[in-house]
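Read-outs throughout are calculated quantities, based only on the coordinates presented, and are distinct from any laboratory measurement. Please read all numbers here as calculations on a predicted model, not as lab measurements. Neighbour counts are summed over all protein chains in view; Cβ atoms, including those assigned to glycine, are modelled from backbone coordinates with ideal geometry.
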Amino acid sequence: MLNDIIWSLWRGWTRLRLHVMGRRIVVRGSCKLCGKCCQGIFLSWQEGWIRTPEEFERAKEDHLGLARYKITGKKRGFLTFTCTWMDENGLCADHEHRLKLCRDYPKPDLYFVSGQLSDHCGYRFVEEKDFSKVLDKANPADDTSTEE
Ligand code: SF4
Ligand code: SF4
């Protein structure tokens, strides 16, 4: 419980710090096809990262593909899941038809749930200057309209 509160504070603080400093989290690296991101993972849907079994039931009604996951525990206030589509080698048994969330893994938002990725993973979260904000500052309101 205390751990969950500390993580929640860390998330709030990190979002605020990044915003103030004009920085953002990006994903760097490449996949080593180890299959570790199919086990002990966090899942999200439109209401955010899943925290309770009841929420997971609702999420499955909206996203049938989530039915392939089973709850394996809880970490930092969020449920953890393992996919039942892994083969005996711990790899995806139907890689061709894996879900979009598998194809998109890891998204920067995951940083605010898990902190860094596991050491097995070939990707890392990296903090970088958010150049879109730098450009916004350099070119404030676009007043080049041709209104006459
Ligand atoms: S569908 Fe395949 S790639 Fe996606 S989590 Fe399951 S085993 Fe892994
Ligand atoms: S844990 Fe990382 S390196 Fe391993 S399969 Fe998943 S994305 Fe690829």
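Tabulated data
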{"read-out": "Only Lys, Arg (+1) and Asp, Glu (-1) charged, at Cβ; the chain dipole about Cα centre in debye", "value": "800"}
{"read-out": "Environment charge at ILE71 (Cβ cut-off 13 Å; Lys +1, Arg +1, Asp -1, Glu -1)", "value": "+3"}
{"read-out": "Inter-site label distance for THR84 and ARG11 at 7 Å from Cα along Cβ, in nm", "value": "2.7"}
{"read-out": "Chain lengthening between ASP104 and LEU33 when straightened (0.36 nm per residue, less Cα-Cα)", "value": "24.2 nm"}
{"read-out": "Charge sum, other residues only, whose C-beta stays under 15 Å from SER118's C-beta, Lys/Arg counted +1 and Asp/Glu -1", "value": "+4"}
{"read-out": "Cα gyration tensor shape of the range 1-72, rounded if a/c is under 1.5, else prolate or oblate by comparing a/b with b/c", "value": "oblate"}
{"read-out": "Across LYS36/LYS70; LYS36/LYS60; LYS32/LYS74; LYS36/LYS100; LYS32/LYS129; LYS75/LYS129, pairs whose alpha-carbon gap is larger than 24 Å", "value": "LYS32/LYS74; LYS32/LYS129; LYS75/LYS129"}
{"read-out": "J(HN,Hα) series, the range 43-52, from Karplus relation 6.51 cos²θ - 1.76 cosθ + 1.60, nearest Hz, glycine and proline x", "value": "10, 10, 9, 5, 8, x, 6, 6, 10, 9"}
